[in-house]
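Enquirer: For reference, the structure I am asking about is given below.
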Amino acid sequence: MAVKKGKPMFIAVFLAMIVVLSGITFFYWYNGYHYIITENAYVDGTIIKVGPQVPGKYLEIMVSEGDRVTAGQIIAKQSDRTLTPGADSDLTVVRAPISGKVIKRLAHPGEVGAPGQPAVWLCDLSQVYVTANIEETHLARVQRGQQVELRVDGVRERLDGRVLSVGEATNSIFSMLPTRTTSGSFTKVAQTVPVKIVIEPGDQELRLGVNAKVKILVRE
């Protein structure tokens, strides 16, 4: 009786598929058991809007976007013509309140500045972090101090971090458009909570708003 030659090949392919599927299943199980993973994350930071103390025309803007500044450094100078007699001329000098980086310049020479109208936006480089929006169903597993693996768009190396804080309210609470409705129909919407992740010190200078992938180690 002749033995079908194709049968051993079929068995080998079938077994190989089982091994591959088992490996994929184990990979997803392992990651789901040990990590909380999300790509709903971005680089965030503390932004300070710096403007003049008195109204006046800008004579000179001494910084550009991308410049680093130190606390107390002069950012802009205004005309002193609008000052009252005897007023401190230093009021027409705009200084950086912190050391950081100029991420946006709004003022230009010849324009009139006034209190409440920022001349530049500064980013505090010592307080750059990642905000990860974690679904409410996973929050019970997230705790302060947990280790985090980070992949940031545009950065080749993996970055390390740790959970600094977990938000006390969902993102929808802070949204201009509430998710609740007063109509008779109701559709449950998955809520997310912002989790703040501090990045371990390194040489990389990250851009605010850039997307990130986050893996929070929740079980060793």
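The values are calculated or read from the model by the stated rules, or taken from the named source; none is laboratory data. For clarity, every value in this text was computed on a predicted model and none was experimentally measured. Don't worry about glycine lacking a Cβ; one is built from the backbone with ideal geometry, like all the others, and counts go over all protein chains shown.
Enquirer: Is it the case, given these coordinates, that G145 is at pLDDT 90 or above, more than 17 Å from the chain's Cα centre (by Cα) and not β-branched (V, I, T)?
Expert: Criteria met by G145.
Enquirer: Among the residues of segment 104-132, count how many are touching a Phe, Trp or Tyr at 6+ places or on another chain (Cβ under 9 Å), assigned to a strand (DSSP E or B) and not charged (D, E, K, R).
Expert: 5
Enquirer: Here is a follow-up. Go through segment 59-99 and give me each residue that's out of contact with any Ser or Thr (no Cβ under 8 Å at 6 or more places or on another chain), surrounded by 13 or more Cβ atoms within 10 Å (Cβ to Cβ) and small (G, A, S).
Expert: Within segment 59-99, just A76 meets the criteria.
Enquirer: Shifting gears a bit: Which residue is modelled with the lowest pLDDT, if the candidates are limited to segment 20-67 and must be more than 30 Å from L91 (Cβ to Cβ) and among the polar types (S, T, N, Q)?
Expert: N31
Enquirer: Do we find a residue being in the same structural domain as T38 (by TED's automatic domain parsing), part of a helix (DSSP H, G or I) and on the phi < 0 side of the Ramachandran plot anywhere in segment 152-171?
Expert: Scanning segment 152-171, I find at least one residue that is in the same structural domain as T38 (by TED's automatic domain parsing), part of a helix (DSSP H, G or I) and on the phi < 0 side of the Ramachandran plot, so the answer is yes.
Enquirer: For the subset of segment 129-172 comprising residues that are surrounded by 17 or more Cβ atoms within 10 Å (Cβ to Cβ) and without any contact (Cβ under 8 Å) to a residue 60 or more places away in the chain, which member is farthest from Q191 (Cα to Cα)?
Expert: Among them, the one singled out is V155.
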